[in-house]
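This report refers to the structure that appears directly beneath it.
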Amino acid sequence: MKRPGRQGQADGLGAGVGAIVAADRFGLITREDALARLGKVLDTFGSVRLFSGICPNKVYDTRRATPANYSNHPAEIGCSALDVGRMLVWMKIVQNRYPELAAQAEKTVHYWKVSGLVRNGEMFGVHTNGNSDPQYLQEGRLGYEEYSARGFALWGMDTARAAKPEPFETVRVEGVPIMHDQRSQAREVLGQV
């Protein structure tokens, strides 16, 4: 049963940063309002409890800024490299577009300790099902992987392998060629936290 309240998944929280930036750029809010909102976001992201002390949890209770599961119960359930990569894109945009917040954005990214999610040019999320020790699992498939890899690369991390669309094959759907990731849905297990 889902617990009443609000929850935010890491990728949605990153999209929220994008919404603030877009609202500012379109003139829907003032720059001062954007700075105030983004400052609060960075304060929160820069101090939340991290999954195993290394990266943002997949889900947070937005009223308390505490880790939660998908039913909004208190829990550390893992960290998605894909979600973090997308958040890193927005952290870099904030750093570049709002010089007043540049140092705070950088401090937030360093607080997350996400460099451990990148190994040998690929991205690995940290997952747990509650019954075992957390494990690093390769994350990403065609499209999302390249986008998220760019976020890590913007902060100086080597995601060269993850940034390439290969391996893929082209399949035809109603005569239209579509790129399809050749990797199986089974994920490579790198090891335990």
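The values are calculated or read from the model by the stated rules, or taken from the named source; none is laboratory data. Please read all numbers here as calculations on a predicted model, not as lab measurements. Positions of Cβ are backbone-derived with ideal geometry, glycine not excepted, and every protein chain shown enters the neighbour counts. Each accessible area value is taken on the protein alone, full model and side chains, heavy atoms only, with ligands, DNA and RNA left out. Shrake-Rupley method; radii C 1.70, N 1.55, O 1.52, S 1.80 Å.
Among the residues of segment 54-77, at least one is open to solvent by less than 30 Å² (accessible area, probe 1.4 Å), more than 16 Å from the chain's Cα centre (by Cα) and within 30 Å of R31 (Cα to Cα). Please go through segment 8-40 and pick out each residue that is in a helix (DSSP H, G or I), at pLDDT below 95 and touching a Ser or Thr at 6+ places or on another chain (Cβ under 9 Å). Once the filter is applied, which keeps residues that are in a helix (DSSP H, G or I), at pLDDT below 95 and touching a Ser or Thr at 6+ places or on another chain (Cβ under 9 Å), segment 8-40 yields A10, D11, L13. Residue count for segment 119-136 under the criterion of being surrounded by fewer than 18 Cβ atoms within 10 Å (Cβ to Cβ) and either among the hydroxyl-bearing types (S, T, Y) or at pLDDT 80 or above (or both): the result is 4. Yes or no: K92 under 22 Å from R141 (Cα atoms) and either in contact (Cβ under 8 Å) with a residue 40 or more places away in the chain or among the small types (G, A, S) (or both)? Against the criterion (under 22 Å from R141 (Cα atoms) and either in contact (Cβ under 8 Å) with a residue 40 or more places away in the chain or among the small types (G, A, S) (or both)), K92 does not qualify.
Only a single criterion out of (1) surrounded by fewer than 22 Cβ atoms within 10 Å (Cβ to Cβ); (2) over 24 Å from V21 (Cα atoms); (3) under 12 Å from the mean Cα position of the chain (by Cα); (4) not polar (S, T, N, Q) is not satisfied by E139, namely (1).
For segment 82-118, the set of residues classified as hydrophobic (A, V, I, L, M, F, W, C), under 19 Å from S47 (Cα atoms) and surrounded by fewer than 18 Cβ atoms within 10 Å (Cβ to Cβ) consists of A102, A103, listed by residue number. Just one residue in the set G53, G78, G18, G14 is touching a helix residue (DSSP H, G or I) at 6+ places or on another chain (Cβ under 9 Å) and closer than 19 Å to Y111 by Cα; that residue is G14.
Picking from residues in segment 7-53 that are more than 17 Å from V89 (Cβ to Cβ) and among the basic types (K, R), the one that is surrounded by the fewest Cβ atoms within 10 Å (Cβ to Cβ) is K40.
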